[in-house]
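The values are calculated or read from the model by the stated rules, or taken from the named source; none is laboratory data. Being a predicted model, the structure only gives us computed values, none of them experimental. For neighbour counting, all protein chains shown are included, and Cβ atoms are generated from backbone atoms with ideal geometry for every residue, glycine included. Heads up: the accessible areas ignore ligands, DNA and RNA and are worked out on the full protein's heavy atoms, side chains in. Shrake-Rupley method; radii C 1.70, N 1.55, O 1.52, S 1.80 Å.
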Amino acid sequence: HYVGAAGGGVGGDDSDADSVFSDMEEDASSAAGSRGKGGKGGGPAFVGGRTIPRTILDSEVDLEADELRCLEEGSVSDRPIPQYADPVLALRILTEALVRLGRLEDMERVLSDNVERELRRIVQTEQARTFARMERRRNAGGGRRGLGAMEGGGGMMGQLAESEEAMRDFRVHLSNLLVAFGSVVLRLSHLAQIVRHRIMTDPQLMGRYADPSSALHSVLQTADGIIQREVKSFLEACLNENEADAFMYDGIEEGRGVSSHERGIFSLGIITDTSNKKDSRSATTIASRANIMELTSDKFVANVLFARTNLIPQVRHALTFRRSVAMWSSESKDLKAELANVTGEDISSPSYNSGVEERAIDYLDSVIQRTLLPMLQEEAVNGTISALERDDAFEPRIDPAMYARAANSKNVEVEMCVACQALYRYTGPLFSALHRLPKGGEMYSPLVAVLEHAVLTFNSRVKQRVGQICRGKKAAALLDAKTSFSEDIELRKSFTQLMQAYFGEDEATAAALGGGAVALSPDAASSGKSKKNDFDATATDYERERAAFNMEVTHLSPLLDFTSKNYGQNLDICNDDELGRAACLANSLLKVASLLEGRLRTRSSGRDKTGGATRNLLKSIKTIKEHGVRMAKFCRVDMLIQTVKRMSKICISSTLTAKDAVRLPSCVNDLGEHLTSASDVIREAGGNTIAAYSLSSLEQYIPLFIMQTVRIIAQGKGLKSKAIITLNGVEALDRSGSVLYRDLKGATSFENSFWDDELAAESFERSASFIALIELDMEELISYCKNNRGEFSDNDFQLMFALDGPRRRGDIKAMK
């Protein structure tokens with residue numbers, strides 16, 4: 001086309017401009033279209049930021065040969081305007097043709113006259129494509145309805161979750177529009193670079209321009225201004241910054257399209273009061289295909305996007321768009337600076353930045369800083385405090401239909417307590433803003449400070465709640481004692497499983513290495529690691545678990561002296577309500593800590609990193625985790641104390657000296673019922689994971705307590721004076737172990753239980769063997785001791801030889 005114009009003088013100003021913009025629009029449309037097919041509408045894959053290498057500009061242009069080489073096959077015969085496979089070469093051909101025609105000076109005027117019309121045509125094309133995409137999905141039965149129209153609320157957190165999916169059409173449309181604009185600006189920048197290079201390499205052309213390095217600068221400025229206005233028009237229509245978003249505290253939403261007579265007890269949301277809505281929203285109509293391309297950007301947003309998604313303009317949408325707009329703005333700014341650098345343009349001249357339209361990213365940041373962030377900050381603080389002041393802030397939230405399910409052993413999904421839900425919900429938009437705002441900027445630090453304030457306020461109330469639950473309890477005293485009991489608990493496999501359930505593989509690995517999952521002091525952490533390393537190298541998993549169990553038992557020796565004076569009087573334990581509250585708090589704190597840590601992570605190089613500005617915030621979240629871990633340990637130790645407190649009564653039971661029949665001690669039946677009820681209480685209040693951890697290791701401790709009962713009997717304690725255990729009593733002890741195994745197995749038979757079959761079998765078999773030594777006569781005991789000397793300790797064998805059993809008289813000398 002341009003070769004013909006050069007040879008025969010065909011064509012005019014408008015045809016030249018149309019041809020240039022047709023190429024640009026086609027390239028922009030194809031780029032946007034390929035982006036739109038991806039379907040996710042994430043950050044646009046901008047192609048800007050690349051100028052033409054100097055070697056290409058210095059190469060000589062052969063008009064006829066180069067044009068024939070870069071023309072697309074069949075483009076001349078099939079279309080009125082030729083299509084070029086090489087955009088850069090096409091622009092060089094155009095420039096060279098106009099130079100030979102002597103009309104290069106007209107290029108800037110023609111482009112300036114047509115740039116607004118052609119950019120508007122690109123907007124119309126993208127609007128038509130978005131409309132067609134929504135129509136196809138609607139006709140296929142997959143139309144997307146706004147989640148806000150279907151789900152009643154959830155405060156700003158519920159609205160934020162709605163944005164991720166319901167705002168997809170908006171994000172895809174804006175992304176495609178930015179890609180199209182980026183392609184046009186890139187092509188115009190290439191044209192400006194080619195023209196400036198052609199002028200500065202031709203002495204005759206140099207004299208016609210006052211400043212050859214700024215040729216086509218006005219075109220670029222005009223295009224940038226129009227593009228910024230179009231993007232801002234789209235954003236303004238989406239944001240509606242004059243209307244504040246609805247807040248919801250304590251589950252009561254205020255001012256979200258509900259008239260005053262519907263609030264309170266009548267707030268069913270059946271009738272909607274639209275008097276507070278803008279006329280453009282209450283009178284929106286769904287546009288038709290016939291007039292879709294004639295709509296301006298704001299009308300397209302109101303009559304198509306919002307009308308077909310059942311959403312309304314709200315200022316909170318600013319965070320949805322900021323990342324893509326910031327990327328596009330950065331690319332455009334870098335391209336402008338690179339063009340000025342390679343062409344020698346004077347960026348200090350007043351004309352370089354004269355008449356610059358307010359940039360879309362500056363407008364968006366102004367809205368976020370002036371309107372959105374104060375709103376979100378107020379909700380994060382007030383919403384959290386409002387929930388903390390409720391009487392049921394930390395109470396369990398029980399599902400009435402929990403046990404109406406057919407399979408009661410399935411995993412129970414338990415809601416977090418009200419306070420944890422509020423912290424997670426109301427700080428959600430601020431955490432989302434952290435990853436969308438520039439780090440270190442004037443908006444970032446205040447945002448982190450507000451989040452830290454909300455978390456610290458939450459921690460202060462949690463500390464009070466933990467103190468209320470643990471006050472006076474024996475489990476809290478054991479955990480707070482100046483021993484390594486709390487750290488040794490973290491060496492158990494069950495603790496690793498607990499961390500893995502809430503925090504994933506990384507935390508589980510840290511716990512397995514002995515460092516623990518909470519912020520221990522350096523001495524405690526190194527102590528835990530050194531203990532773990534004592535048997536890490538050569539021991540099997542079973543041996544490590546046995547060793548960790550033995551380390552744990554060393555801290556519980558006072559609990560094993562069943563016959564001490566006033567035993568059990570200082571063993572304060574939780575009732576069912578207190579145990580349920582502790583389990584609920586443990587589950588809620590661990591879950592909310594995991595969720596908040598996930599929100600704070602950055603997506604860089606596949607690792608989780610936090611910057612210096614958020615380091616204190618991360619410490620505050622770690623404090624929540626510490627409280628959660630402490631409450632989980634508290635539940636486990638309390639269950640252990642409840643078990644030993646009941647089993648300590650076996651040694652004084654009259655059933656051990658019964659001669660007429662075999663009867664189980666009443667405390668055994670009581671313990672079995674308690675294990676079942678406690679399992680149900682903890683599961684319904686704290687979920688399966690906390691229940692599994694609370695009941696973990698009892699398959700080792702119950703056999704240990706049975707063996708301790710036998711030791712006390714062998715020492716002549718517990719039973720009435722000079723009473724001897726009978727064969728019926730031995731059978732009662734043996735049956736007690738079997739019954740407790742069955743009851744414990746039933747109490748832990750839910751999904752994701754930490755029950756260890758190997759340890760349970762080994763522990764209960766060992767206790768049964770120890771009980772069986774009581775009924776042996778002396779010769780059988782001597783033979784057993786010789787053949788199985790390593791099965792029990794020397795002290796245990798000494799007790800057995802000294803015991804007056806139903807079939808022997810004690811003789812300690814026989815052991816020698």
5 angstrom amide H check on G805, placed H, neighbours 5+ away: G810
Which peptide among 439-451, 776-788 comes first, and what is the full order, when sorted by highest mean count of other Cβ atoms within 10 Å? 439-451, 776-788
Quick one: with all protein chains in place, what share of the accessible area of segment 688-816 is carbon or sulfur, to the nearest percent (1.4 Å probe)? 45 percent
Quick one: length gained pulling K333 to R54 fully straight, 0.36 nm per residue minus the C-alpha distance? 98.3 nm
Sequence of Y502, Y542 when ordered by accessible area, the most exposed leading, probe 1.4 angstrom: Y542, Y502
Over 20 Å (Cα to Cα) among K439/K622; K591/K625; K473/K622; K717/K786 -> K439/K622; K473/K622; K717/K786
Just grab the label-to-label distance for L68 and E415, each label 7 Å out from Cα along the Cβ direction, in nm (one decimal). 7.7 nm
Under the Karplus curve 6.51 cos²θ - 1.76 cosθ + 1.60, θ = phi - 60°, whole-Hz ³J(HN,Hα) for segment 95-104, x wherever Gly or Pro sits: 4, 5, 5, 5, 5, 5, 7, x, 10, 5
So if each residue of separation counts as 0.36 nm, and I subtract the Cα-Cα distance between A481 and Y567, what length gain in nm does that give? 29.0 nm
Amide H contacts of D572 (H built 1.01 Å from N, under 5 Å, at least 5 apart or other chain): K474
Residues listed by number, segment 197-218, amide nitrogen under 12 Å from S349 label point at 7 Å toward C-beta: 209-218
So if I take the centroid of the Cα atoms in segment 650-673 and the same for segment 300-343, what is the distance between those two points in Å? 77 Å
Extension gain (nm, one decimal) between N788 and E358, 0.36 nm per residue minus Cα-Cα: 145.9 nm
Can you list the HN-Hα couplings for segment 463-470, worked out from phi with the Karplus curve (6.51, -1.76, 1.60; θ = phi - 60°), rounded to whole Hz and with x for Gly and Pro? 4, 5, 5, 4, x, 5, 6, 8
At what distance in nm do the modelled label points of R120 and D391 sit from each other, each positioned 7 Å from its Cα along Cα→Cβ? 6.5 nm
Taking amide H positions as placed in the peptide plane 1.01 Å from N, state which residues far from Y84 in sequence (5 or more) or on other chains have amide H under 5 Å from it. E72
Between beta-carbons, use under 11 Å as the cut-off and find the net charge around D576, counting Lys and Arg +1, Asp and Glu -1. -3
A correct Karplus calculation of ³J(HN,Hα) over segment 125-136, with 6.51 cos²θ - 1.76 cosθ + 1.60, θ = phi - 60°, whole Hz and x for Gly and Pro, returns 4, 5, 5, 5, 5, 5, 4, 5, 5, 5, 5, 4
